[in-house]
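Each reported figure results from applying straightforward, stated rules to the coordinates on display, with no laboratory input. Remember, predicted model here, so these are calculated numbers, not experimental data. Positions of Cβ are generated from backbone atoms using ideal geometry, with glycine treated the same way; all protein chains shown enter the neighbour counts.
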Amino acid sequence: MDDVLVLARLQFAITAIAHYVFVALTLGLVTYLVVMQTRWAVTGDERHRRQTRFWGQLYLVNYALGIGTGIVMEFQFGLVWSGLTHYTGNVFGAPLAIETLVAFFAESTLLGLWIFGWDRMGRVAHTVVLWLVALTAWSSVYFVLTANGFLNHPVGYEIVDGQVRLTDFTALLTNTNALSATAHIMAGSMVTGSFFVIAVSAWHLRRRTGHEEFFWSSMKLALPLAPVFVALTAALGGVQIGFSVEQTPTKYGERSPETAAVVRGFTERFGPGDYLPPEISRTAEVLMVIPALFMGALTVLAVLFMVKRNLIRRKVLLWLLTAALVLPYLSNVSGWVFREVGRQPWAVYGVLKTEDAITPGLTSGTVLTSLLVFGGLVALLVLVDWALLLRFARRGPDATQLGRAPEEDGEDRDGPGGGAGRAGGAGGTGGAGEAGGGSGVPGQTTAPGVSSSPTSPSSPTIRTF
Amino acid sequence: MWHIVWYTLLGLLLAGYLALDGITLGTGIVGRALARDEAERRTVAAATGPFFLGNEVWLIAAGGIVLGGFPGLESSVISGLYPLVVLAVGALLVREAATQFRRRVPGARWRGFWDGLVLLTCLLLALTWGALGGALLGTLPLRGGHLDIDPSLLLRPVPVLSALTAVAVFALHATVFLAVRAAGPLAERAVSAAGRLAPAAAGLAVLTAAAAVADGNARDGLLSPLPAALLLLAAVAALLLAPRLAAHGRRGLAPLASGFAALAPVLILGAAHYPQALVSGAGPHENLSVAEAAADPSTLGVVGPVVLFVLPVLLAFQAMQWWAFRGRTDDRSPAYF
């Protein structure tokens, strides 16, 4: 392998891993947010609103880099892998086009509405927006994995004049390789989201930060579900392996009886070469599975201690639950390395080699420059983002900025201790959702400007639709 | 036939990106200078904040259309302009993070640092889009569907002037937007700033056009000069008109006028080259036509209807967002970003 290929693959690996680390938590957390905010929509109970805002704040800080790294991913195909678009763009690009337009476009627009819609939209309408954000996010997983599934197990195409052409869109959309991976990833994201909620809640409970009710309620929601999601992810992983053992036998080396025959076939069609993936893919498989065993055991144990809130007194167990947050990330990253490195030396399995997928004429200097630019920026921004996540997580629900009423939002506010502001918000929101039809309220009313009465419970009830 | 639908769709998304994210870009460039104090800076943030995500996403969607519908453009333009695309993508990444980070920690130093990065990246992006438009207007070193751009091509008069025009137009667009969206003295200051920026932006646009006519390299790229010239005149008129509309309290019409000026380059490029997508300096046989750049009809005809079916819903979501936050903002409006 020459330098250009190594650098290009390294660049892709770094950006893809960085992207997925944020995506996994986004997907898991938004689902918990849907549960929390729907509870608020149904009951009107301020505690659920507060819970949604706190976890929503963390969700958004995480989301920031999810978008950023996603942009790098999208344009990387054209920059470095134009061979892939040149030969297989007719099929590979289609699900990605649908993803950006149908799913992400809607998700991003709706997310803006959700962030700024607190106290301006009806409670139910605002909750519907979050549902749509979650649904579009989940549908993104499906479309992106449809594209990725084509790379692992190409279906619904023919080759005309050296270029791939789409013959069966339905086959592309119902590729078992993609569907099984989608299910596995969705369950895995729920594991990630669960462990995040558990880890932060356990930290507050262990440190006795004075938010016992708040974080016990979150813990009560996520902890019993965690072992279920771990088991589900494992089971769906098994289903996925069932398909991929037949579809990409070389991924499993000598463990698959078909590998030898497939390698012979590749050698006949593409000439002699190394058609087995690097050893690291096998290592990654193990590194994906081991953390899952710990995750399952630890959460089952912790669930047993939930009786009469016994868990809150188990400092070691709580500490372990916080530390365990690293486990889903380890599994997520390893799982992707297993899937993508295991496919090598193919970009599109049995159709296009990775070395032919690269942009022709690239020099290693060019790729090295972009690798350093993207790698350096992503690394720095990830550190800042995680520091911010840590900050908001530790400061607890009083420091939440998302959905804070303007009068609470003083520039000098720093950290917890805004008890008064919260009480005002509580009074105001009780009736906010239901107050009047609000249909004829002109937009100009959104500029309060007139009299600022910070304690007036009616101020957050301004609605524009 | 479907490639025309897809090309229109690409034009729509790119035009939407320039008109909408142009507000974000321009606010990043002039926002800090326009706002006198902390309260006004907050007002600026509140004015553009709700639309930030919904604006930039047009570019991501346009990228998706190129990826799925125009593999020919994907493998020529994006890899051919490697350094420029790396710069733009890096700037987008940093701007995204800086915008989302800047109000997370209270304190002037923290916000000042990220505001500075927002200013820098918005300026870089405006210059990049301008230079890109200027370069694509002329003939390109295109052979066999491959583009290998020498960086010096971007330093020719047309891309350089076009880059400066982009900065001025986005700045004007943002001041017009703030004039109709913000409340109080900030809005008045924005009106007068727009009045001063308009002649500069219009002058630069005319200068760019003059350079394009004088520079043989650029002139050869104008396959249909007349529609391009008419569109340019319309854009210049819109630039001069927008501040007046804002001054007369036409809250809807004023940003539409400056928005038209911001998106006009997409129309000009499309009109000047059609039915070609890119014009080669090596002769007409090396041109890349829209049909050649497009994906196979089997893909476009199957995926196209899906996209067209969903498009009204997407536009409705965008409209909903603009409707929800159509009022004027002040320093008490929510400013998350």
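Quick look at the values:
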{"quantity": "Residues B:Leu269, B:Leu226, A:Leu317, sorted so that the one with the fewest Cβ neighbours within 10 Å comes first", "calculated": "B:Leu226, A:Leu317, B:Leu269"}
{"quantity": "Label-point gap, in nm, between A:Thr363 and B:Thr8 - each point 7 angstrom along Cα→Cβ", "calculated": "4.4"}
{"quantity": "Kirkwood Rh in Å, taken over all unlike Cα pairs in the stretch B:42-178", "calculated": "16.6"}
{"quantity": "Neighbour-count order for A:Lys251, A:Lys308, A:Lys353, fewest beta carbons within 10 angstrom listed first", "calculated": "A:Lys308, A:Lys353, A:Lys251"}
{"quantity": "Prolate/oblate/rounded call for chain B, Cα gyration tensor, a/c under 1.5 rounded", "calculated": "prolate"}
{"quantity": "Estimated 222 nm signal from helices in chain A, with DSSP H stretches of n ≥ 4 weighted -39500 (n - 2.57), rounded to 500", "calculated": "-23500 deg cm²/dmol"}
{"quantity": "Label zone at B:Arg143, where the point sits 7 Å out along the Cα-to-Cβ direction: the stretch B:52-86 residues whose backbone N lies under 19 Å", "calculated": "B:75-82"}
{"quantity": "Kirkwood estimate for chain A, i.e. one over the average of 1/r between Cα atoms, Å", "calculated": "24.2"}
{"quantity": "DSSP H segments from chain B that extend 20 Å or more along their own axis, Cα-based, with Kyte-Doolittle mean of 0.0 or above", "calculated": "B:2-34, B:52-69, B:82-101, B:108-137, B:157-181, B:185-214, B:225-247, B:253-273, B:297-324"}
{"quantity": "At R0 = 51 Å, FRET efficiency that the Cβ-Cβ distance of A:Lys220 and B:Val206 yields, to 0.05", "calculated": "0.15"}
{"quantity": "Label-zone membership for the stretch A:304-348, site A:Glu279, 7 angstrom Cα→C-beta point, backbone N under 11 Å", "calculated": "none"}
{"quantity": "Nearby aspartates and glutamates by direct alpha-carbon distance to A:Lys220 (threshold 19 angstrom, same-chain neighbours under 8 apart not counted)", "calculated": "A:Asp45, A:Glu46, A:Glu212"}
{"quantity": "Local electrostatic count, B:Leu288, Cβ distance below 14 Å [Lys/Arg +1, Asp/Glu -1]", "calculated": "-3"}
{"quantity": "Cβ-based charge dipole, the stretch A:17-399, positive-most Cα from A:Val286, A:Leu276, A:Trp216", "calculated": "A:Trp216"}
{"quantity": "Amide H contacts of B:Thr329 (H built 1.01 Å from N, under 5 Å, at least 5 apart or other chain)", "calculated": "B:Ala182, B:Ala183"}
{"quantity": "Per-residue Cβ neighbour rank within 10 angstrom, fewest leading, A:Asp45, B:Asp150", "calculated": "B:Asp150, A:Asp45"}
{"quantity": "Cα gyration tensor category, rounded, prolate or oblate, for the stretch A:1-90 with a/c compared to 1.5", "calculated": "prolate"}
{"quantity": "For B:Leu142, residues with placed amide H under 5 Å, excluding near neighbours", "calculated": "B:Gly281, B:Ala282"}
{"quantity": "Cα centroid separation - the stretch B:52-114 against the stretch B:160-233, whole Å", "calculated": "22"}
{"quantity": "Only Lys, Arg (+1) and Asp, Glu (-1) charged, at Cβ; the protein assembly as shown dipole about Cα centre in debye", "calculated": "2960"}
{"quantity": "Backbone HN-Hα couplings from phi across the stretch A:201-214 [Karplus 6.51/-1.76/1.60, Hz, Gly and Pro as x]", "calculated": "4, 4, 4, 5, 5, 5, 7, 6, 7, x, 10, 4, 4, 4"}
{"quantity": "Other protein chain Cβ atoms within 10 Å, averaged over every residue that makes up A:390-402", "calculated": "1"}
{"quantity": "Alpha-carbon centroid distance for the pair the stretch B:3-39 / the stretch B:264-281, whole angstrom", "calculated": "21"}
{"quantity": "Prolate/oblate/rounded call for the protein assembly as shown, Cα gyration tensor, a/c under 1.5 rounded", "calculated": "oblate"}
{"quantity": "For the stretch B:2-324, size of Cβ-based charge dipole, Lys and Arg +1, Asp and Glu -1, in debye", "calculated": "1320"}
{"quantity": "Pairwise centroid distance, computed over Cα atoms, of the stretch A:249-325 with the stretch A:11-62, Å", "calculated": "25"}
{"quantity": "Spacing of the two label points (7 Å from each Cα toward its C-beta) at A:Val326 and B:Ala33, in nm", "calculated": "4.9"}
